[in-house]
Amino acid sequence: MTSTAAAVLMDRLGLSADELCRALGIDPLSVIAGDVDDKPQLPILLALTEEAAERAGEEVLRRWLRANGPHGRPVDHLLAGEYAAFEDDLAGLAERGFILRGGRR
C-alpha cells in the first residue's frame with residue numbers, strides 16, 4: 001500500500017487530509033512518506049468502498065458519508081475507528097441505496 005492508495009481513499013470518500021489520518025490512525029508525515037504499509041485498515045477500506053463507489057458513484061458516496069443514517073453518520077464511525085459500524089453502514093447503503101430525508105416544514 002502506498003500514499004497513492006491513501007489518496008484514492010481520500011478522494012473516493014471526500015475526506016480531508018486530517019480526516020484521512022484520523023480514519024487510518026496515522027500522522028500526516030506517514031502519508032507523505034508513504035509509510036502506510038503497516039495499516040491494515042487502508043486496503044480493507046479501499047475494498048469495502050470500491051463496490052459502493054461503483055454502484056452508487058463516488059459523488060453519492062461522498063454525500064452519503066456525511067448524511068445522517070439509521071445509526072448515525074458513517075463519517076463519525078470511520079473517524080472513530082468503528083470499522084464494523086462503518087461496514088454495517090455500507091451494507092445498509094447497498095441494501096437501501098442512498099436516501100435523503102427532508103425535515104418537516
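Somewhere in region 58-72, is a residue buried (at least 19 other Cβ atoms within 10 Å of the Cβ), assigned to a helix (DSSP H, G or I) and among the β-branched types (Val, Ile, Thr)? Looking through region 58-72, none of the residues is buried (at least 19 other Cβ atoms within 10 Å of the Cβ), assigned to a helix (DSSP H, G or I) and among the β-branched types (Val, Ile, Thr).
Applying the criterion of being exposed (fewer than 15 other Cβ atoms within 10 Å of the Cβ) and polar (S, T, N, Q) to the residues of region 4-36, the residue that is modelled with the highest pLDDT is Ser16. Residues in region 32-42 that are touching a residue at least 12 places away in the same chain (Cβ under 8 Å) and either outside any loop (DSSP other than H, G, I, E, B) or on the phi < 0 side of the Ramachandran plot (or both): 7 in all. Here Leu45, Leu29, Leu9 are screened, and the one residue that is farther than 17 Å from Phe86 by Cα and in a helix (DSSP H, G or I) is Leu29. Residues in region 40-57 that are hydrophobic (A, V, I, L, M, F, W, C) and open to solvent by 70 Å² or more (accessible area, probe 1.4 Å): Ile44 only.
If you go through region 13-26 and pick out every residue that is without any contact (Cβ under 8 Å) to a residue 12 or more places away in the chain and either at positive phi or in a helix (DSSP H, G or I) (or both), you end up with 2.
The values are calculated or read from the model by the stated rules, or taken from the named source; none is laboratory data. Note that the coordinates shown come from a computational prediction; the quantities given were computed from them, not determined experimentally. Neighbour counts run over all protein chains shown; Cβ positions are idealised from the backbone, glycine included. Only protein heavy atoms, including side chains, enter the accessible area calculation; ligands, DNA and RNA are left aside. Shrake-Rupley method; radii C 1.70, N 1.55, O 1.52, S 1.80 Å.
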